[in-house]
Amino acid sequence: MAMPNAHYQEFTQPVGKSVPRIDGRGLVTGQTKYTFDLAFPNMLVGKMLRSPHPHARILSIDTSKAEKLPGVKAIITAQDTHQIRFGSNEYFFPHTSDQMALELDKVRYVGDEIGAVAAVDEQTAEMALKLIDVKYEILPAVFDVLEAIKPGAPQIHENIRNNIALILPVNFGNVEKALKESDYVHEDQFFTHSAAHCCLEPHVCIGQWEDCSDKITLWVSTQAPFKIREALAKCLKKELNAVRVIKLPTGGGFGGKLEMLPMDFAACLLSKKAGGLPVKICYSREEEFSFSRRKHAMHYKLKSGVKKDGTLMAISGEIFADGGAYCSYGPTVLAAAMMRIFMVYKIQHFRITGYRVYTNTPISGAIRGFGGVQSGFSIESHMDLLARGIGMDPVEFRLKNITTANMVTTNKMILSTNGLRECIEKATQESNWKGKWSKQKHLSRGIGIGIAADVMGSKMYKAHESAGSIIKIEDDGSVYLFTGAADTGQGSNTVLSQIAAQELGVSYNRIRCTSADTEITPFDTGSFASRVTFISGNATLLAARDAKNQILNIVAEEYKMDPENLSLEAEKVINKKDNSVIITFDKALQLCYSFKYGRQIIGRGSYNPKTTPVDFRTGEGNVSGSYGFEAQIAEVEVNKETGEVKLLKIWDAHDIGKAINPQSVKGQIEGSITMGIGFTFTEDLKLKDGRVVNPNFANYRIPRSVEIPPIESILIETNDPQGPFGAKGMGEAALLPTSAAIANAIDDAIGVRIKDLPITPEKILRALREKEKTEIKDKKEREL
């Protein structure tokens, strides 16, 4: 029997509309169940045993006292494992698989995992950890990236010379010749600090290894369930079909939940040793800050040349990235930090070498922006200084040198649609740039710009970058979408449901979405690199098209028509020749499942973007199927007495291709900018002797809502031919230029340049004092 139609008259063309989130009611009422909320009969509590030393050799581990403690059900060390190393960039960089699930011989940072316990409750588990006797030989440690590469520095990993895990040289054209031909050459150094992800939900998982089936199940808060499955299967020496990873609703990821952590491995192995009982491990807030992943601190050295007319001639330099104790996503982060500039600027002569360096500090990994935040601050600050050096408006300088649509960059990126010029023009128009820039110094007010570009996925992890979707339509008209994409709070389940409904020609209210379960849903590499709307969205569109065509073929057969003349729109099958209604969607489904036809409607879609992997020997490669662009302008007011900076407003113009859900797009932009504001001013993960000293929200300050200025989001729709309904991804780009736009605005306001983040009142006051001394000295020299 067909379902009543009245409920499905709303949102029959949902693309471009701010429809309610598919999971919204559960989120706002508190009914959504996160991993921590799950409870199973006889579930145990797991805890990780960690090194208290930044660098030491493990001499022995004695667990005998802990094993005798009542309530302890399992203890594991490296001796219980296959001692297999894993990593996140091993496809292109096999040598970067450098971490064990539990370390065997040596620890390399405070918090390095060497064992785990499972007990009946948290108190017993913590007591058991204290009873484990570990003897160490303390080794010299190194905490600074520039100290780590010096000859004679402590060697963190065997066979790694000067602690340099990776060297990436990118060299195009003739830099020396171009610099000589430049009218103005400028050199800079910039420093960016480390920061934390600050997900409100800490890392948490539940592992179960069933005795009866020898099957492993992991319930986990993650951005990449298929990637975790792959790493688990490798380290446990199991086939992929023996491991099931189920991503539950996730309270934020921002890159920190993109890979398997030792806790995921430990929960599963502890379960096996405990006879198949499930084991839950949840990080405390201190563990989350100290032992998960963090942003790479980076040191940029840049030297560039320009002509008097503003033509950018050459860029050269070096990047030193503090990678911490293991590689994680370090190679990708470093590559992204170096190569994003080609998306933004037309540059023929380029030579920058990147170094990803080991230190005895917590592991640096992926975080929203993938190196683009650090490079955004450094490059965009440097561009402003180049423009000022030749007396040119920073906006005019950028407009002269930016990339355009339908061009191939020096490193072989293919830019089809490119709304960067329109983004700059719209942002400057809305902010009254011409009326404000360099005209508000008497008020200690200034305005600054930063521009950026980002990928829609990245072929840097596997041989393919594909995603799959399945759409099942049942005889009552129910539509089920199965996608491997991971919704981590950004609303991808909603957007994919909108795409499915639009292509099917049915109401958005019909769609039910099941996502990110490695045993049920098709493969998807994960939620990162702004890829889900573009890649998973295309897979969903293809699956919906396949299902739609199956329905139309049956209707055509029944009514003896050409299926090419039929379409499904607004819950009706339409004859395209005269726009007449042939049959309703519900009646069409009854026909499909009738005695005469009895055909199940199951649509399948797979999408792999037309990209090429980066050749890391040359830096060439079209890593993304499309590219997004944006311009951001910040206006500030600086108190010269206190050094405090007040953000007055931020304008963000963003080339998003097509806004599938405008409200979600603006939410992503505002969230990214808020993260950028925090990184610029207050968020600073402080280390002393390799230990995080501010591992809580009392001492690690994230922006509060009252501290966020008005944000004006300007959506530029370029309708990318590769994207689903013209859409591009846009989850990260708005974060990339924020720090630079603010730093450039401060320079415009009071004439001082801050080159090391975070920007603090103390740094501004110090810069003002130095400026005053320089002005007095210059005045005396002129008088002489």
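The values are calculated or read from the model by the stated rules, or taken from the named source; none is laboratory data. All figures in this text were calculated on a predicted structure; none of them were measured in a lab. Glycine gets a Cβ as well: all are built from the backbone with ideal geometry, and neighbour counts include every protein chain shown. In case anyone asks, the SASA skips ligands and DNA or RNA and just uses the protein heavy atoms, side chains included. Shrake-Rupley method; radii C 1.70, N 1.55, O 1.52, S 1.80 Å.
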Open item on the list: Starting from 0.36 nm per residue, how many nanometres of slack lie between Glu176 and Gln31 once their C-alpha separation is accounted for?
Closed with: 46.0 nm
Task: More than 25 angstrom apart: percent of Cα pairs within segment 672-784 - done: 46 percent
Task: Solvent-accessible surface (1.4 angstrom probe) belonging to Leu104, in square angstrom, nearest 10 - done: 40 Å²
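Find, to one decimal place in angstroms, the Kirkwood hydrodynamic radius of segment 450-583, where the mean of 1/r is taken over every pair of different Cα atoms and then inverted. Write down the numbers at each step before the final one.
Numbers: mean 1/r = 0.0626 Å⁻¹.
Across segment 450-583, the inverse of the average 1/r is 16.0 Å.
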- [ ] Calculate how large, on average over all directions, the projected area of the Cα convex hull of segment 188-257 is; give the answer in nm² to one decimal.
- [x] 6.6 nm²
Task: Per-residue SASA entry for Trp433, accessible area with 1.4 Å probe, Å² rounded to 10 - done: 10 Å²
- [ ] Report ³J(HN,Hα) in whole Hz for each residue of segment 228-243, in order, from the Karplus equation J = 6.51 cos²θ - 1.76 cosθ + 1.60 where θ = phi - 60°; Gly and Pro get x.
- [x] 5, 4, 4, 5, 4, 4, 5, 6, 9, 6, 10, 6, 4, 6, 8, 10
Open item on the list: Counting only protein heavy atoms and a 1.4 Å probe, tell me what percentage of segment 59-199's accessible area is made up of carbon and sulfur.
Closed with: 49 percent
Open item on the list: Past 28 Å, Cα to Cα: identify those pairs from Lys439/Lys646; Lys33/Lys215; Lys307/Lys666; Lys180/Lys779; Lys257/Lys426, in the order given.
Closed with: Lys307/Lys666; Lys180/Lys779; Lys257/Lys426
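Work out the FRET efficiency for Lys596 and Glu210 from their Cβ-Cβ distance, taking R0 = 41 Å, and round it to the nearest 0.05. List each step's numbers first, then the result.
Values: r = 45 Å, r/R0 = 1.09.
E between Lys596 and Glu210, to the nearest 0.05, is 0.40.
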- [ ] Taking each pair of different alpha-carbon atoms in segment 338-448 once, compute 1/r for the pair, average those values, and report the inverse of that mean as the Kirkwood hydrodynamic radius in Å to one decimal.
- [x] 16.5 Å
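Which order do the peptides 159-169, 290-300 take when ranked by the mean count of other beta-carbon atoms within 10 Å per residue, highest first?
Highest mean packing first, the order is 290-300, 159-169.
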Task: Relative frequency of Cα-Cα separations exceeding 18 Å in segment 284-379, percent - done: 48 percent
Open item on the list: Taking a cut-off of 13 Å, what percent of all Cα-Cα pairs in segment 662-726 are separated by more than that?
Closed with: 72 percent
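Using only alpha carbons, build the gyration tensor for segment 636-698 and give me the equivalent ellipsoid semi-axes, biggest first, whole Å.
30, 21, 9
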Task: Among Ser466, Phe534, Tyr480 - extreme Cα towards positive end, dipole of segment 429-539, charges at beta-carbon - done: Phe534
Open item on the list: With both bridge residues required to lie in the chain, what share of the DSSP beta bridges run antiparallel, to the nearest 5%?
Closed with: 80 percent
Task: Largest to smallest principal axis extent of the C-alpha atoms in segment 497-641, angstrom - done: 79, 43, 32
Task: segment 90-236, Cα convex hull volume normalised per residue, Å³ - done: 228 Å³
- [ ] Taking just the C-alpha trace of segment 246-286, give me its Rg and Dmax in Å.
- [x] 12.0, 35
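If you place +1 on the Cβ of every Lys and Arg and -1 on the Cβ of every Asp and Glu, how big does the dipole about the Cα centre of the chain come out, in debye to the nearest 20?
The calculation lands at about 740 debye.
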TODO: Using only the Cα atoms of segment 727-784, build the gyration tensor, take square roots of its eigenvalues as a ≥ b ≥ c, and label the shape rounded, prolate or oblate: rounded if a/c is under 1.5, else prolate if a/b is larger than b/c, else oblate.
DONE: prolate
Task: Solvent accessible area, Å² - Tyr593, 1.4 Å probe, full protein context - done: 70 Å²
Task: For the chain, with +1 on Lys and Arg beta carbons and -1 on Asp and Glu, the positive-most of Ile228, Gly369, Gly256 along the dipole - done: Gly369
- [ ] Report, largest value first, the span of the C-alpha coordinates of segment 559-601 along each principal axis, in whole Å.
- [x] 30, 21, 14
TODO: Set Lys and Arg Cβ to +1 and Asp and Glu Cβ to -1, take the dipole of the chain about its Cα centre, and tell me which of Phe190, Ile76, Ala745 lies farthest positive.
DONE: Phe190
Open item on the list: If you build the convex hull over the alpha carbons only and average its shadow over all orientations, what do you get for segment 520-567? Give it in nm² to one decimal.
Closed with: 4.5 nm²
Open item on the list: Tell me the Kirkwood radius of the chain: reciprocal of the mean inverse pair distance over distinct alpha-carbon atoms, in Å.
Closed with: 27.8 Å
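Could you compute how fast segment 493-545 diffuses translationally, taking Rh as the Kirkwood radius over C-alpha pairs and applying Stokes-Einstein at 4 °C with viscosity 1.567 mPa s? Give it in µm² per second.
Once the numbers are plugged in, D ends up at 112 µm²/s.
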Open item on the list: Based on the alpha carbons, how large is the Rg to Rh ratio for segment 575-710 when Rh follows Kirkwood?
Closed with: 1.21
Open item on the list: At 1.4 Å probe size, put Tyr480, Tyr508 in order of accessible surface, largest to smallest.
Closed with: Tyr480, Tyr508
Open item on the list: Students sometimes get this wrong: rank Asp546, Asp105 by accessible area, probe 1.4 Å, all chains present, largest first.
Closed with: Asp105, Asp546
- [ ] Starting from the residue with the highest accessible area, list Lys755, Lys560 in decreasing order, probe 1.4 Å.
- [x] Lys560, Lys755
Open item on the list: Helix-only mean residue ellipticity at 222 nm, the chain, DSSP H runs n ≥ 4 weighted -39,500 (n - 2.57), per residue, nearest 500. What is it?
Closed with: -8500 deg cm²/dmol
Task: Calculated on alpha-carbon atoms, Rg and Dmax of segment 61-138 in Å - done: 14.7, 47
Task: log₁₀ of I(q)/I(0) at q = 0.17 Å⁻¹ - segment 515-594, Debye sum with one point per alpha carbon - done: -0.74
Task: Carbon/sulfur fraction of accessible area - segment 299-435, other protein chains in place, 1.4 Å, % - done: 48 percent
Open item on the list: At a threshold of 8 angstrom on Cα-Cα distance, excluding pairs fewer than six apart, so keeping six or more, what relative contact order does the chain reach in percent?
Closed with: 16 percent
- [ ] For segment 240-342, list log₁₀ I(q)/I(0) at each q in 0.13, 0.16, 0.22 Å⁻¹, using the Debye formula over Cα point scatterers of equal strength and ignoring solvent, two decimals each.
- [x] -0.71, -0.91, -1.29
TODO: Subtract the Cα-Cα distance of Ala463 and Glu781 from 0.36 nm times their separation in residues, and report this length gain in nm to one decimal.
DONE: 108.2 nm
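Return one whole number: the accessible area per residue of the chain in Å², for a 1.4 Å probe.
Result: 38 Å² of accessible area for each residue.
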